[in-house]
Amino acid sequence: MHPRRSAQEVLLCDLCETVPLQSHCELCNINFCVNCVGKHLSDSSKRHKVVPFLHRKSTPNYPKCPKHADKHCELYCEKCDIPVCSTCITSGKHKGHDISDVLEKLSAKTESLEKDLEELESRIYPRYEEMASGVQTEKSELETNYGKLTTAADQQGEALHREVTAIVNQRKSDIQEMKNKHLSTLNKNTEEITQKMAELEQIISDLKSILKSKDVSLTSTYKSRNGEFRQLPPKVRVTLPSLSPQKINTEKLREMFGSLLPLSINTEQGDTMKSAEAVSSPPVKPLLDEPRVTATIDTGYDYLYSVSCLSEDQVWTCGDYNKTMKLLNLQSKLLTSIQTKSGDTPRDIAVTRDGDLVYTDSNNINLIKNKQIQTVITLQGWRPLYVCCTAANDLLVTMESDDREQSKVVRYSGSTEKQSIQFDDQGRPLYSSGDDKYLSENKNLDICVADCGASAVVVVNQSGKLRFRYTGHPSNTELLFKPYGITTDSQSHILTADYHNHCIHILDQDGQFLRYIHCDLVGPCGLCVDIRDNLFVAECYTAKVRKIQYL
């Protein structure tokens, strides 16, 4: 019940709020008692129209005009987005503007406010509560999770200690064995010398006896053995063993201990709730210890360069020296083939979110819709190289200048250029000149370019600011890292084809190496993943597409 009304619903004066009302001013839309009518009429700046309350007109509650005090705003200027009165309209300030009824506009805005309130209460605020709960849960699990890391570090340390102790004990055992052998040799040598000395002592004693006796018979029969003993027994020469400790390589020791991937804290833009359906994060899919090939597609090209998924079991392909793009299934059956409009070999292909095919050739970027080819963009001074379709259905294109001296990435919305990425904050080129540059957009909207000429994966954020460069893993010591194809998955992993070393590198979104995929690949080139994170690899020289499960 209104606080100014009694239990019998007596309506009170709007001014004194104590006496029952009797009159109504139609100009000001205010109710009065007898005592307050005169006070209200004393304001001569307005032409008040006071009538008995029961005879008042049933007028809508129009807002007062802030510029014309004696007017109510019965209209609404759509361009200026404000309520206006009739005097405002006749003043000429709103000439040519769309005018609507203010009550209809306020009604629509009220309905919009009600919808906003309903969405805030039923959908948005609960999501914030859910996020807060999730953060709280994560905080409560912090000690446990970091405790596991500490325990793992202790266990690894103990394992290394055991290995070091075992090595030390083995070395000590080897030293004792050599010592025993050395001592045995010296003992044997001592025995031989002692035996000779005993013989010498006996000969000396015999000679003394002969000389003392002056016996002619003994003297005449004496045979000298001095010549025998002049040759001393062989002297044992022993080179003492030595321990040659190597200088401790701290970096190698750290590598042996194992790497600790750095803490990655990214404050990402929150999800935009566009519908009543809840937006959920993708489920976490761990990497398989042993990735496996689940299908092999024979494309029939001489050389295969690009592959792009239309679905889980259908892929578009294109190869060198061939102007035809082929749609194939997992059984290598040709479903559709389309020749380029120009008759040139397509450089690269990509499937849009609508399922249409985009390809680059010569100086053009083309769209195939319902098997009809439309040239969307024709470049001057630049040649398009590789293309990918973004989450916003834009196109990202790597391109090089006609003189092959410059390279850049350009974002298109339809045929309109929205962004050009070419230099870092110091004005230095982000990408090498010429050569192949496959690209892909990650789930965090980073732009990832496999810059073959620079032997690096170059990653910039959505604004084009350099985040990092990945130049290969230290364990890769065979051939130079040459990234060709590149793609990303639902986990924000970055996968790039190492053409010369016949493998795929898997990185996290911050450029940390996670592991390789080998699967007996031969010259991997183009890459793509389907909606279930199956990896499709185009092998250049075998012209086959391998479907690989790695998550």
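The values are calculated or read from the model by the stated rules, or taken from the named source; none is laboratory data. Computed from a prediction, not measured in an experiment: that's the story for all the values here. All Cβ positions, even for glycine, are placed from backbone atoms using ideal geometry, and neighbour counts span all protein chains on display. In case anyone asks, the SASA skips ligands and DNA or RNA and just uses the protein heavy atoms, side chains included. Shrake-Rupley method; radii C 1.70, N 1.55, O 1.52, S 1.80 Å.
Pop the C-beta distance of Ile531 and Val164 into the FRET formula with R0 = 56 Å and round what comes out to the nearest 0.05.
Values: r = 49 Å, r/R0 = 0.88.
My answer for the efficiency is 0.70.
State the percentage of accessible surface on region 115-262 attributable to carbon and sulfur atoms; use a 1.4 Å probe and exclude ligands, DNA and RNA.
On the way: 7710 of 13550 Å².
Here it works out to 57 percent.
Once label points are set 7 Å from the Cα along Cα→Cβ at both Arg353 and Lys323, what is their separation, rounded to one decimal in nm?
Each label point lies 7 Å from its Cα, and together they span 3.4 nm.
Given region 123-202, what whole percent of its Cα pairs are spread farther than 17 Å? Don't jump to the answer; show the numbers that get you there.
On the way: 2354 of 3160 pairs.
Here the tail beyond 17 Å accounts for 74 percent of pairs.
Would you give the gap between the C-alpha center of region 402-449 and the C-alpha center of region 171-240, rounded to a whole Å?
90 Å
Show me 482-492, 335-345, 400-410 ranked by packing, highest mean number of other Cβ atoms within 10 Å first. List each step's numbers first, then the result.
Working: 482-492: 22.6, 335-345: 14.5, 400-410: 16.5.
Top to bottom by mean Cβ count within 10 Å: 482-492, 400-410, 335-345.
Describe numerically, in nm with one decimal, the distance between label points set 7 Å from Cα along Cα→Cβ at Gln155 and at Thr110.
Distance between the two pseudo-spin positions: 6.7 nm.
Across all directions of projection, what mean area in square nanometres is found for the Cα convex hull of the chain?
On the way: hull surface 229.5 nm².
So the mean shadow area of the Cα hull is 57.4 nm².
Give me the number: length gained by fully extending Lys235 to Lys93, i.e. 0.36 nm times residue separation minus the C-alpha to C-alpha distance, one decimal in nm. Spell out each step's value before the answer.
Working: separation 142, 0.36 × 142 = 51.12 nm, distance 12.33 nm.
Here the segment from Lys235 to Lys93 would lengthen by 38.8 nm.
With a 1.4 Å probe and every protein chain kept in, tell me what percent of the accessible surface of region 54-102 is carbon plus sulfur.
Values: 1720 of 3410 Å².
Ligands and nucleic acids excluded, carbon and sulfur reach 51 percent.
Picking from Leu479, Gln549, Pro20, whose Cα lies most toward the positive end of the charge dipole for the chain (charges on Cβ: Lys, Arg +1; Asp, Glu -1)?
Leu479
For the ranges 317-327, 153-163, 512-522, what's the packing order if you count other beta-carbon atoms within 10 Å of each residue, average per peptide, and put the highest first? Could the numbers behind the result be given before it?
Numbers: 317-327: 19.4, 153-163: 11.2, 512-522: 16.0.
Most protected by this proxy first, the peptides run 317-327, 512-522, 153-163.
Given the Cα-Cα distance of Leu218 and Cys16 and 0.36 nm per residue of separation, how much length would full extension add, in nm?
Details: separation 202, 0.36 × 202 = 72.72 nm, distance 16.68 nm.
Here the answer is 56.0 nm.
Averaging sequence separations of C-alpha pairs under 8 Å and six or more residues apart, then dividing by the length of the chain, give the relative contact order as a whole percent. List each step's numbers first, then the result.
Working: 915 pairs, mean separation 43.2, N = 551.
For the chain, the relative contact order is 8 percent.
Give me the percent of the accessible area of region 397-551 that comes from carbon and sulfur atoms, probe 1.4 Å, all protein chains in place. Please list the in-between numbers first.
Numbers: 2620 of 5970 Å².
Reported share for carbon and sulfur atoms: 44 percent.
Given R₀ = 35 Å, FRET efficiency for Asn29-Ser122 by Cβ-Cβ distance, to 0.05? Can you show the working numbers first?
Working: r = 36 Å, r/R0 = 1.03.
Efficiency computed from Cβ-Cβ geometry: 0.45.
Considering only protein heavy atoms, what per residue accessible area in square angstrom results for region 455-546 with a 1.4 angstrom probe?
Working: 3420 Å² over 92 residues.
The answer is 37 Å² per residue.
Are there trypsin sites (Lys or Arg not before Pro) in region 80-112 that DSSP puts in a loop and that have at most 11 other Cβ atoms within 10 Å, and which ones? Walk me through the numbers before you get to the answer.
Working: sites: Lys93, Lys95, Lys105, Lys109; in loops: Lys93, Lys95.
Taking region 80-112 and a limit of 11 other Cβ atoms within 10 Å, the loop trypsin sites (Lys or Arg not before Pro) found are Lys95.
Using r as the Cβ-Cβ distance of His500 and Asp298, and R0 as 25 Å, what FRET efficiency do you calculate, to the nearest 0.05? Let's see the in-between values first.
Working: r = 24 Å, r/R0 = 0.95.
That pair, His500 with Asp298, gives E of 0.60.
Can you pull the one-decimal nm distance between simple spin-label points at Thr137 and Leu288, each 7 Å off the Cα toward Cβ?
Taking the two extended label points, one gets 2.9 nm.
Which value, in Å², gives the accessible area per residue of region 13-104 when a 1.4 Å probe is used on the protein heavy atoms?
On the way: 5980 Å² over 92 residues.
It amounts to 65 Å² per residue over region 13-104.
Determine, for each peptide in 44-51, 537-544, 230-237, the mean count of other beta carbons within 10 angstrom over its residues, then list the peptides with the highest first.
In decreasing order of mean packing, 44-51, 537-544, 230-237 become 537-544, 44-51, 230-237.
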